[in-house]
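A short write-up of the structure that comes next.
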Amino acid sequence: MHQIPSGNELAVVAADFDAFSAEELFDEFTVPEKLVGWWPESAEVDLRVGGRYALRWPKSNWNLRGEYLAVSPGVHLAFTWSWDHEPGRPPQRVDIWFDCVHEQGTRIGIYHGPFQDTDEDREARQGVVEGWIHFCMRLGGVAPGKVD
């Protein structure tokens with residue numbers, strides 16, 4: 001997994017998962033029981049366009065919330081992204097595209113933004129890139145197979 005060069009306004013990360021079909025990988029991002037295996041401590045999901053999600057890390061008192069903007073299993077997932085501890089920050093948008101690359105493997109592209117061209121947002125953008133890479137590595141450990 002790695003960052004894809006992009007402008008300052010968008011963080012772009014790509015990762016290959018040899019052990020997941022596109023549909024299986026989509027489920028890892030949308031089924032609460034699967035999500036908690038690699039990302040939040042708890043998850044609530046209403047998986048439909050206009051439905052809401054809440055991901056929680058109670059030990060850190062972190063809550064991530066948003067609304068689903070696109071739900072196309074195995075193809076595309078889009079949602080808004082808002083942290084409770086950043087109440088003044090406007091919601092961001094995350095688009096995740098799923099693309100079959102091998103007989104059973106899937107490449108995802110994660111597009112997260114927008115960010116402004118400020119020192120604060122450049123730092124936030126870098127944190128988002130590092131976060132997605134970290135959690136994609138954890139996701140890669142859920143099933144056998146190589147994650148690049």
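For the reader, a short list of remarks on this structure follows.
- Pairing residues of the range 91-106 that are farther than 18 Å from residue 72 by Cα and without any contact (Cβ under 8 Å) to a residue 40 or more places away in the chain with residues that are aromatic (Phe, Trp, Tyr) and in a strand (DSSP E or B), at Cβ distances under 9 Å and at least 6 apart in sequence or on separate chains, gives 91/81; 92/81.
- Test: residue 48 is open to solvent by 50 Å² or more (accessible area, probe 1.4 Å), modelled with pLDDT of 95 or more and in a loop (DSSP other than H, G, I, E, B): yes
- Residue match in the range 131-148 (condition: assigned to a strand (DSSP E or B) and either modelled with pLDDT of 95 or more or in contact with a strand residue (DSSP E or B) (Cβ under 9 Å, 6 or more places away or on another chain) (or both)): yes
- Residue in the range 109-129 that is closer than 22 Å to residue 36 by Cα, among the β-branched types (Val, Ile, Thr) and not in a strand (DSSP E or B) present: yes
- Checking residue 68 against (1) over 15 Å from residue 125 (Cα atoms); (2) free of Cβ contacts under 8 Å to residues at least 24 places away in the same chain; (3) open to solvent by 20 Å² or more (accessible area, probe 1.4 Å), the condition it does not meet: (3)
- Restricting attention to the range 112-125 and to residues that are open to solvent by less than 90 Å² (accessible area, probe 1.4 Å) and touching a residue at least 12 places away in the same chain (Cβ under 8 Å), the residue that is nearest to the chain's Cα centre (by Cα) turns out to be 112.
- Test: residue in the range 4-25 that is surrounded by 16 or more Cβ atoms within 10 Å (Cβ to Cβ), modelled with pLDDT of 95 or more, under 15 Å from residue 110 (Cβ atoms) and of a type in the set (D, E, K, R): no
- Selection within the range 25-45 - in a loop (DSSP other than H, G, I, E, B) and among the aromatic types (Phe, Trp, Tyr): 38, 39
- Residue check: residue 74 meets all listed conditions (1) on the phi < 0 side of the Ramachandran plot; (2) in contact (Cβ under 8 Å) with a residue 24 or more places away in the chain but one, namely (1).
- Residues of the range 67-91 satisfying the condition of being touching a Pro at 6+ places or on another chain (Cβ under 7 Å) and of a type outside the set (A, V, I, L, M, F, W, C): 80, 82
- Top-ranked residue of the range 76-105 - restricted to ones that are among the polar types (S, T, N, Q) and at pLDDT 95 or above, ranked as least open to solvent (accessible area, probe 1.4 Å): 92
The values are calculated or read from the model by the stated rules, or taken from the named source; none is laboratory data. None of the values given here were measured: they were computed from a predicted structure. Here the Cβ is made from the backbone with ideal geometry for all residues, glycine too, and neighbour counts use every protein chain on show. What goes into the accessible areas is simple: the full protein's heavy atoms, side chains included, and nothing from ligands, DNA or RNA. Shrake-Rupley method; radii C 1.70, N 1.55, O 1.52, S 1.80 Å.
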